[in-house]
Amino acid sequence: MPPHFYNPDVADYTDVDPEHPPHALGTVLRWAVLDRLTGKRRPKPAGPPAPWTPTPKLRVARPTPAQVVWLGHASFLVQLGGVNVLIDPLLGPVLGTYRRYQKPGLTVDQLPPIDVLLITHGHRDHLDLWTVRRLDLTTAVVTPSGLGDFFRRLGFTDVHELDWWRSVGRAGLRFTLAPARHWSRRGLTDLNASLWGSYVIEGDGPTIYHGGDSAYWRGFREIGERFPEIDCALLPIGAYDPAWFMEHAHMNPEQAGQAFLDLGARRFVPMHYGTYRLTDEPLIEPVERLRSWWRREQPQGHLADLPVGGILELDAEATPPRRA
């Protein structure tokens, strides 16, 4: 295991990535309060959200091909080999004080029976208590280290905590927690008390990567080297403005494009935009910038900028991956 990645003998994850020191309180106050009061931080109008389309219920209930369904924000339903995997579901009506600009692709009641729940980290827009409370308690749960007790207290009976590069098999699929350049917190006193990360999902069909939340960093290339056959990369492209504050934890669209190249993936599904306005850019700006980058760079592969509720089938012949 490379020394700059997670050390299982160290319980505090704050210094795992020396390129990512947490923001000091004064920096947070400058971003949240001072720059607003002085006019240096002027959010643009929200504009329209990500488009929405009704998800065909039969396609979700009985998927013939492998497929991914974008449920909005970072939430996906992944269906591989008859297994239903739910990732970072955020299907409730509220997220604290943040307004929901677009409804989810599926409601909780419309979901098929979920076999595996994947959580990338403990932030509330990726671990939504309202949603997980409405799932079957026998659902297998896979989380980064430090989050298992959260689910055990809710009554889940099949909970697995992973460190970076560790894997677990469930329902015929293999789930590996890969690193990400981010952080974790749910309350005032638990900064980085649990790990965060991204996931590689492997089985007899396509290999899928979910990037969770991450800034751009060297780790994407290593993930691509360890998993050279990623068919579909679900990558965050939003929550980047203002850059001086957000670039330590989130990618802008052009950086996400470079991450796609580093991974050597075949398909790019953008996410983490268009549902909630967590930062200052307009809701639809991230995907517009990504489309411009794609036209300019003309990478090999396929850009699948789905509407919320949209389905991407993965069994069709794929474009060979590109190595930067």
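The values are calculated or read from the model by the stated rules, or taken from the named source; none is laboratory data. The model shown is predicted, which means the values in this text are computed figures rather than measured ones. Note: ideal-geometry Cβ built from the backbone for every residue, glycine included; neighbour counts use all protein chains shown. Each accessible area value is taken on the protein alone, full model and side chains, heavy atoms only, with ligands, DNA and RNA left out. Shrake-Rupley method; radii C 1.70, N 1.55, O 1.52, S 1.80 Å.
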How many residues of region 247-282 are closer than 27 Å to PRO45 by Cα, of a type outside the set (Asp, Glu) and either surrounded by fewer than 21 Cβ atoms within 10 Å (Cβ to Cβ) or out of contact with any Gly (no Cβ under 6 Å at 6 or more places or on another chain) (or both)? The answer is 18
Restricting region 96-125 to residues that are touching a Phe, Trp or Tyr at 6+ places or on another chain (Cβ under 6 Å) and part of a strand (DSSP E or B), which is least open to solvent (accessible area, probe 1.4 Å)? LEU118
Let me spell it out: the conditions are (1) of a type in the set (A, V, I, L, M); (2) free of Cβ contacts under 8 Å to residues at least 60 places away in the same chain; (3) surrounded by fewer than 19 Cβ atoms within 10 Å (Cβ to Cβ), and ALA171 meets all of them except one. Which number is the exception? (2)
Subset of region 258-308 (residues that are in a helix (DSSP H, G or I) and hydroxyl-bearing (Ser, Thr, Tyr)): SER292
Unmet requirement for LEU235, which otherwise passes all of (1) buried (at least 20 other Cβ atoms within 10 Å of the Cβ); (2) assigned to a loop (DSSP other than H, G, I, E, B); (3) in contact with a strand residue (DSSP E or B) (Cβ under 9 Å, 6 or more places away or on another chain): (2)
Step by step: first the residues of region 196-228, then only those that are of a type in the set (Val, Ile, Thr) and part of a strand (DSSP E or B), then the one that is most open to solvent (accessible area, probe 1.4 Å). Which residue is that? THR207
Of all residues in region 131-155, how many are open to solvent by 10 Å² or more (accessible area, probe 1.4 Å) and not aliphatic (A, V, I, L, M)? 11
Taking the stated definitions as given, is THR138 under 18 Å from the mean Cα position of the chain (by Cα) and polar (S, T, N, Q)? no
Tell me, please, whether a residue that is modelled with pLDDT under 75, under 22 Å from the mean Cα position of the chain (by Cα) and among the polar types (S, T, N, Q) can be found in region 14-27. yes
Return the residue satisfying two criteria in turn: it lies in region 38-60 and is surrounded by 11 or more Cβ atoms within 10 Å (Cβ to Cβ) and of a type in the set (A, V, I, L, M, F, W, C), and of such residues it is nearest to GLY205 (Cα to Cα). VAL60
Exactly one of LEU58, LEU86, LEU77 is without any contact (Cβ under 8 Å) to a residue 12 or more places away in the chain, outside any loop (DSSP other than H, G, I, E, B) and of a type in the set (A, V, I, L, M, F, W, C), and that residue is LEU58
